[in-house]
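Reading through the structure tokens given below for one structure.
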Amino acid sequence: MKKLINKPEDVVIEELEGVAIAHPDLVKVHYNPNFVVRADAPINGKVGVISGGGSGHEPMHGGFVGYGMLDAACPGAVFTSPTPDQMLEATKAVNGGKGVLHIVKNYTGDIMNFEMAADLAKAEGIEVEAVVTDDDVAVQDSLYTAGRRGVGSTVLAEKVCGAAAEMGRSLKDVADVCRKVKGWGRSMGMALTSCTVPHVGKPTFDLPEDEMEIGIGIHGEPGRTRMKVKSADQIVEMLMEPIIKDIPYKSGDEVLMFVNGMGGTPLVELYIVYRKAHEIATKHGLKVVRNLIGPYITSLEMAGTSITLLKMDEDLKKLWDFPVLTPGLRWGK
Amino acid sequence: MAITRDNVISWIKACAQVVAENRDYLTSLDAAIGDADHGANMYRGFQTVLTKLPDVADKDIGTIFKTVGMTLISTVGGAGGPLYGTFFIQAGMSSAGKLEMEVTDWSAALEAATNGVIMRGKAALGDKTMVDALIPAVQALKEAVELKLSLSEALSRSSKAAEDGMKATIPLVARKGRASYLGERSAGHQDPGATSSFLLLDTANKTWAVN
């Protein structure tokens, strides 16, 4: 294992120390339990929005804490959900009296830990709503699985829910925005290489030099199928087809297209992916009205990409364009 | 013969040892069908448990179990944290105030613990999870109680049932947890959660049967 780390067990804590030193104007880092919180939290009269999950997906979630996005983020160990005490303390730290929204990705561990935290917060008199994102179309047979995984849509949900909260909307209204993203967003990813969890020390899965995994999860969970590597255009077709067919998106729909890097894929390749994905969307009559291109929900150093489509309406466009000022995403302010 | 408070402390310490010895094994099972963190998470949890044991060594068995559970919840993360945390908290509620457990008490505690895991994880027998090891162990223990078998015979049967349940997960297709994303491809691999559950019960057998 070759990594820019000191000791595997110190990875998360030393990353948090770096974040705290780098962005004191935007965030504070709370230790034991660990969470990243807006420097100006709690904000009276504003709904708090928090998320959390295993580390290793940076900038999600800690990089999205700040004005117009998350109020706090709880990092677990690498690829391991955080614990209820983290979410409870983060919920209390961002509660401005109007309740707190938990944005939870659909993984068994995340759900259980967030549920326990929400129960504890409610017992302390804080109003909590939780919305679970589950946009990964690679997981087909949902009745016999833990359900679809929460992936790219989560980043988009955090952006628009953060904007809605900043505008002063109620907890129910902010949660409704999240449910809209859950209903209208779909994703699929692929990997060219595996990734290595620091405390494991060897690749999560073996992928021969000339093969790829279609439908990969953001923790290196195997996907739908493994095959020989194809051209970028062919790969994009394999990702876009199941996405478009899923809701299904209709001709004339306006969409946000999010082309995400898994951590080890350079922007030059992501733009090649975007070019083809845009062409396919256009051919289906979809109008790409907003986009996001870059590594925003990563899987350590995995090479690969994921594509997310989110159907947009006037409100979502307004929320997307609303100013945001976080370490990982910033515009308009 | 009964299981004393000191026996319980010895079991928890032995669990920490066994988890440490099997850390890489559990992680490699998890890497095959999950996300390669089960061994590291359980290790982190039980190492922290070791630091908490001195504070409760003179308390009742219920308090000891509940302390183990709360510690696992706040340190393990993943699905294992809430599930094993709930396991020990429910066992603790069942054994509250007790300074020693007869085999019937342990049977009741294990059943309460297993029911807690089922409730928290919403898994059923055959879903390729922890409960595939736990439910047969509970059944075997209850039968042993009815047959009025000795403690060591009861523990041995319970451990064997957990082992059989663990091995029976190999051909199963996972329906819960991260392994379920694999569908048919999860078949042919032993479930890491069932494996850690077996290890804990097998450790109970080895630690307590010698008394």
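Every read-out reported here was derived from the displayed coordinates using simple, explicitly stated rules and does not represent laboratory data. Note that the structure is a prediction, hence the values are computed from the model and not measured. FYI the Cβ positions are ideal-geometry reconstructions off the backbone, even for glycines, and counts take in every protein chain you see.
Using unit Cβ charges (K, R positive; D, E negative) and no other charged atoms, how large, in debye to the nearest 20, is the dipole of the range A:164-251 about its Cα centre?
That gives the range A:164-251 a dipole magnitude of about 480 debye.
What is the fewest-to-most order of A:T133, A:T225 by other Cβ atoms lying within 10 Å of their Cβ?
By the 10 Å Cβ count, ascending: A:T225, A:T133.
Equivalent-ellipsoid semi-axes (√(5λ), Cα gyration tensor) for the range A:155-207, whole Å, largest first?
36, 14, 8
For each of A:M240, A:M1, count neighbouring Cβ atoms within 10 Å of the residue's Cβ, then give the residues from fewest to most.
With the fewest neighbours first, A:M240, A:M1 line up as A:M1, A:M240.
What is the sum of charges, Lys and Arg at +1 and Asp and Glu at -1, for the other residues whose Cβ falls under 15 Å from the Cβ of B:G78?
Around B:G78, the charge tally is -1.
A 26 angstrom limit on the alpha carbon distance is what I want to check against. Which of A:K105/B:K52; A:K122/A:K180; B:K52/B:K206; A:K105/A:K228 exceed it?
Cα-Cα > 26 Å for A:K105/B:K52; A:K105/A:K228; rest within.
Compute the separation of the alpha-carbon centres of the range A:107-167 and the range A:268-333 and state it in Å as a whole number.
20
Once you put a point 7 Å from the Cα of A:A232 and another 7 Å from the Cα of B:K122, both along the Cβ direction, what distance in nm separates them?
Taking the simple label geometry, A:A232 and B:K122 are separated by 4.1 nm.
Just tell me how shielded A:194-200 is by partners: mean number of partner chain Cβ atoms within 10 Å of each residue's Cβ, no decimals.
4
If you stretched the chain out fully between A:A39 and A:A22, how much longer would it get, using 0.36 nm times the residue separation minus the C-alpha to C-alpha distance?
Length gained between A:A39 and A:A22: 4.9 nm.
How large is the charge dipole for the protein assembly as shown, taken about the Cα centre, if only the Cβ atoms of Lys, Arg (+1) and Asp, Glu (-1) carry charge, to the nearest 20 debye?
Details: 57 positive and 67 negative charges, 166 e Å.
Using only the charged Cβ atoms, the result is roughly 800 debye.
State the answer as a single residue: which of A:S231, B:N22, A:A118 lies farthest towards the positive end of the charge dipole of the protein assembly as shown, with beta carbon charges of +1 for Lys and Arg and -1 for Asp and Glu, about the Cα centre.
A:S231
Among B:A79, B:N7, B:V103, whose Cα projects farthest towards the positive end of the dipole of chain B, with charges put on the beta-carbon of Lys, Arg (+1) and Asp, Glu (-1)?
Value computed over the given set: B:A79.
By counting other Cβ atoms within 10 Å of each Cβ, how are A:I13, A:I43, B:I73, A:I214 ranked from fewest to most?
Sorted ascending by nearby Cβ count, the order is A:I13, A:I43, A:I214, B:I73.
Near A:K92, within a Cβ-to-Cβ distance under 13 Å, what is the net charge of the other residues, with Lys and Arg +1 and Asp and Glu -1?
Combined, the nearby Lys, Arg, Asp and Glu give -4.
Report, to the nearest 10°, how far helix B:23-33 tilts away from the longest principal axis of the Cα atoms in chain B, using its own Cα long axis and a range of 0 to 90°.
40
Measuring from centroid to centroid over Cα atoms, what is the spacing of the range B:191-209 and the range A:1-36 in Å?
First find each Cα centre; the distance between them is then 36 Å.
Nearest 500 deg cm²/dmol is fine: what mean residue ellipticity at 222 nm does chain B get from its DSSP H runs of n ≥ 4 alone, each adding -39,500 (n - 2.57), divided by its residue count?
Using -39500 (n - 2.57) per qualifying helix, the result is -23500 deg cm²/dmol.
At what distance in angstrom do the alpha carbon centres of the range B:101-162 and the range A:228-255 lie from each other?
Measuring centre to centre over Cα atoms gives 48 Å.
Net charge near A:G66, counting Lys/Arg +1 and Asp/Glu -1 over other residues with Cβ under 13 Å of its Cβ?
Local charge sum for A:G66: 0.
If the only charges are +1 at each Lys and Arg Cβ and -1 at each Asp and Glu Cβ, what is the size of the charge dipole of chain B around the Cα centre, to the nearest 20 debye?
340
For the charge dipole of the range A:7-69, defined by +1 on Lys and Arg C-beta atoms and -1 on Asp and Glu C-beta atoms about the Cα centroid, which residue among A:P33, A:I50, A:A20 has the Cα displaced farthest towards the positive pole?
Result: A:I50.
On average, how many beta carbons from a partner chain sit within 10 Å of the beta carbon of a residue in B:171-180?
Counting other chains' Cβ atoms within 10 Å and averaging over B:171-180 gives 4.
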